[in-house]
Amino acid sequence: MKIVNLIEDTCRTSAYLEEHGLSFYVETPNHKLVVDTGASDAFLENARRLKIDLSGVDTVILTHGHLSHCGGVKALLELAPKATVYIRETAFGEFYNGANVFDENFLRDNARFIGIEKELASLPQVQLVYGDLVIDEELQLFTNVVERELWPACNLHLHRVIGETSEQDDFSHEQFLVVSAEGKRILFAGCCHGGIVNVMNAFQERFGSAPDLVVGGFHMMQKQYCGFSRENLFLVDEIGRQLKDTPTRYYTCHCTGSIPYHRLKAQMGDKISYVYSGETVPLEG
């Protein structure tokens, strides 16, 4: 099995491109798949530099309906036209990012559109997902994480617009991939808007034990706003304490953010690592 970060927000070197987005390439005994496709087609260039041939990709998982995770779908399908794309049926909403906008007088001019093209839903390769789904013995999706324990504060800036009003995004368009292969069970978390503690609790309820690895962002970054309050930082610390008690190894990136990552690292030690653009996720140790 192989897991490579095709693109995220940062690089260790200039060898690879970076952008605010996320994409992983995954090889299992039975599949070549891509989990999310970044904000653009830049992940394709990184794959070329990594000598990864994406023309053989058979499965694409889009974890939620934000452009930073779905922007390169069409470009990927030009290379791999036979791939099946799995996305929640709720992922085609009017999603916006707007700081300090919470009331019903919200206007579209006050925020940045972060949704995806509705035309994607009509592509012949797209399979809409309406709930938990077993794809085969290696791949399955779970959805509908509704708990709000230790919920990341930066989620409060994310809205869904209906008509001329907005409401807090409930992230019902989010889904999580579970890969079971070679004796390991790996959870791909996307942005983990549902909160990593809640996602882990939901995973254990559904599967009876914790995953061996978690790969993805934890949506804790605050750099575009006013920084971190003491309450935000205490929340990150408590998340770290709870994750440390699990038997899982965590590889994070993208929307976790530098300050939260280092605070998690202080709590969790070697149980958590950052994986940059172009890097391979270690599957042992």
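Listing for the model above:
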item	result
Cα→Cβ-extended label distance, 7 Å offset, between R230 and L283, nm	4.7
Candidate residues C11, C255: accessible-area rank, largest first, probe 1.4 Å	C11, C255
Calculated FRET value between E205 and L123, using beta carbons and R₀ = 35 Å, to 0.05	0.60
Length-normalised contact order of segment 138-285 in % [C-alpha pairs under 8 Å, at least 6 apart]	21
In segment 118-173, chymotrypsin sites (Phe, Trp or Tyr not before Pro) in a DSSP loop with at most 11 other beta-carbon atoms within 10 Å	Y130
Å² of accessible area per residue within the chain, as computed with a 1.4 Å probe and no ligands counted	42
Segment 18-34 and segment 146-162: distance between their alpha carbon centers, rounded to Å	26
For segment 39-85: Kirkwood Rh in Å [reciprocal of mean 1/r, alpha carbons]	10.9
Set K2/K184; K2/K265; K32/K271 screened for pairs whose C-alpha atoms are more than 22 Å apart	K2/K265; K32/K271
For the chain: rounded, prolate or oblate by the Cα gyration tensor [a/c cutoff 1.5]	rounded
Over the chain, relative contact order from alpha-carbon pairs under 8 Å, at least 6 apart, %	18
Carbon plus sulfur fraction of accessible area for segment 139-221, probe 1.4 Å, in percent	48
Kyte-Doolittle mean at least -1.0, axial Cα span of 20 Å or more - DSSP H helices of the chain	230-244
Rounded if a/c under 1.5, otherwise prolate or oblate - segment 11-133, Cα gyration tensor axes	oblate
Helical contribution to [θ] at 222 nm, DSSP H n ≥ 4, -39,500 (n - 2.57), averaged over the chain, rounded to 500	-6000 deg cm²/dmol
Accessible-area ranking of L187, L235, L67, largest first, probe 1.4 Å	L67, L235, L187
Cα gyration tensor shape of segment 59-200, rounded if a/c is under 1.5, else prolate or oblate by comparing a/b with b/c	oblate
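The values are calculated or read from the model by the stated rules, or taken from the named source; none is laboratory data. Note that the coordinates shown come from a computational prediction; the quantities given were computed from them, not determined experimentally. Virtual Cβ from ideal backbone geometry, glycine too; neighbours counted across all protein chains shown. In case anyone asks, the SASA skips ligands and DNA or RNA and just uses the protein heavy atoms, side chains included. Shrake-Rupley method; radii C 1.70, N 1.55, O 1.52, S 1.80 Å.
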